[in-house]
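For reference, the structure is listed below as structure tokens.
The values are calculated or read from the model by the stated rules, or taken from the named source; none is laboratory data. On a predicted model such as this, the values are computed, not experimentally measured, just so you know. For neighbour counting, all protein chains shown are included, and Cβ atoms are generated from backbone atoms with ideal geometry for every residue, glycine included. To get the accessible areas, we keep the full protein, side chains included, count just its heavy atoms, and leave off ligands, DNA and RNA. Shrake-Rupley method; radii C 1.70, N 1.55, O 1.52, S 1.80 Å.
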Amino acid sequence: MTSLIDAVSAAATANATSGAGKWLDVRPYDGELLVIQQLGAVTGTIAGKLQSASDANGTGAADIAGATFAVNTANSTSSQAVDPKKVAGGFLGYVGTIVTGPSLVSVTAGGKKHIV
């Protein structure tokens, strides 16, 4: 498992957004990746979604159609399966849009890598 967002009390969207070094290179993965959003205390709402980018800095970040987390209630876990071949540019990131914060959030991703 790789952390896209380390556990954080996110008071604003910038706190719940993939930061430098948090874009996952999905090109070496076979099959689907499982991305898990875990929420603790939520004061308001957080809308989680996945994005694709062309490098580890998030260049050209764009939403992945349909890759959103519908559950945004306190003390909950939700997941999204992602086909790495459909991640334009090969890098996967997470954005949690905070409407009213803070929200405790962490996001991890995992799957099977190529063995060379």
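Go through the range 17-116 and tell me which strands (runs of 3 or more DSSP E), entirely inside it, have 2 or more residues that are open to solvent by 30 Å² or more (accessible area, probe 1.4 Å). Because the criterion is at least 2 residues that are open to solvent by 30 Å² or more (accessible area, probe 1.4 Å), the strands (runs of 3 or more DSSP E) in the range 17-116 that meet it are 29-42, 46-53, 62-69, 76-82, 103-113. Taking the range 1-16 as the range and being assigned to a loop (DSSP other than H, G, I, E, B), open to solvent by 50 Å² or more (accessible area, probe 1.4 Å) and in contact with a strand residue (DSSP E or B) (Cβ under 6 Å, 6 or more places away or on another chain) as the test, only Met1 passes. Does the range 33-79 hold any residues that are of a type outside the set (A, V, I, L, M) and in contact with a Lys or Arg (Cβ under 9 Å, 6 or more places away or on another chain), and which are they? Residues satisfying the conditions are Ser52, Gly58, Asp63, Thr68, Phe69.
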